[in-house]
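Working notes, beginning with the structure itself.
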Ligand code: SF4
Ligand code: SF4
């Protein structure tokens with residue numbers, strides 16, 4: 001399944017604002033560190049399916065780390 005939400009790990013500072021913003025509670029901090037020494041935010045492949053692409057996490061992120069992929073809407 002294609003990802004709905006992705007994180008530019010190297011730019012993340014692990015501030016957890018996106019975690020607080022997500023109404024589905026699917027964002028967590030990864031166990032590993034990025035090159036700046038922060039645990040980056042992440043969503044597991046299994047949890048991707050629960051993402052509603054609501055954009056709340058991306059709007060909250062102060063460093064534009066988060067990209068949301070929405071399916072194309074076809075005009076009728
Ligand atoms: S787009 Fe919405 S549901 Fe998906 S991870 Fe972000 S806040 Fe959570
Ligand atoms: S809000 Fe942005 S910088 Fe903060 S943890 Fe989430 S993705 Fe990282």
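No lab work stands behind these numbers, since they all come straight from the coordinates. Bear in mind the structure is a predicted one, so any value in this text is a computation, not a measurement. Note that each Cβ is placed from the backbone with ideal geometry, even for glycine, and that neighbours are counted across all protein chains shown.
In a loop (DSSP other than H, G, I, E, B), within 13 Å of ligand 1 (Cβ to nearest atom) and surrounded by 17 or more Cβ atoms within 10 Å (Cβ to Cβ) - does that describe any residue in the stretch 5-21?
Looking for residues that are in a loop (DSSP other than H, G, I, E, B), within 13 Å of ligand 1 (Cβ to nearest atom) and surrounded by 17 or more Cβ atoms within 10 Å (Cβ to Cβ), one finds none in the stretch 5-21, hence no.
Where the second residue is in a loop (DSSP other than H, G, I, E, B) and the first is on the phi > 0 side of the Ramachandran plot and lies in the stretch 41-61, which pairs have Cβ atoms under 9 Å and are six or more apart or on separate chains?
53/4; 53/69; 53/70; 53/71; 55/70
So, residue 22, is that one touching a helix residue (DSSP H, G or I) at 6+ places or on another chain (Cβ under 6 Å) and under 15 Å from residue 69 (Cα atoms) or not? First the steps, then the outcome.
Values: touching a helix residue (DSSP H, G or I) at 6+ places or on another chain (Cβ under 6 Å): yes; under 15 Å from residue 69 (Cα atoms): no.
In short, no.
Which residues, taken from the stretch 53-76, are within 14 Å of residue 6 (Cα to Cα) and surrounded by 14 or more Cβ atoms within 10 Å (Cβ to Cβ)?
Start the filter on the stretch 53-76 by keeping residues that are within 14 Å of residue 6 (Cα to Cα), which leaves 53-59, 61, 63-70.
Once the filter is applied, which keeps residues that are within 14 Å of residue 6 (Cα to Cα) and surrounded by 14 or more Cβ atoms within 10 Å (Cβ to Cβ), the stretch 53-76 yields 54, 56, 57, 58, 61, 65, 66, 68.
Just one of 64, 44 is more than 10 Å from ligand 2 (Cβ to nearest atom) and over 9 Å from the mean Cα position of the chain (by Cα); which is it?
On the way: 64 fails: more than 10 Å from ligand 2 (Cβ to nearest atom).
So the residue among 64, 44 that is more than 10 Å from ligand 2 (Cβ to nearest atom) and over 9 Å from the mean Cα position of the chain (by Cα) is 44.
What do you reckon, is residue 37 more than 9 Å from ligand 2 (Cβ to nearest atom), within 12 Å of the chain's Cα centre (by Cα) and exposed (fewer than 12 other Cβ atoms within 10 Å of the Cβ)? Full working, then the answer.
Working: more than 9 Å from ligand 2 (Cβ to nearest atom): yes; within 12 Å of the chain's Cα centre (by Cα): no; exposed (fewer than 12 other Cβ atoms within 10 Å of the Cβ): yes.
The answer is no for residue 37.
Can you tell me how many residues in the stretch 24-76 are within 13 Å of ligand 1 (Cβ to nearest atom) and in a strand (DSSP E or B)?
Residues meeting the conditions: 6.
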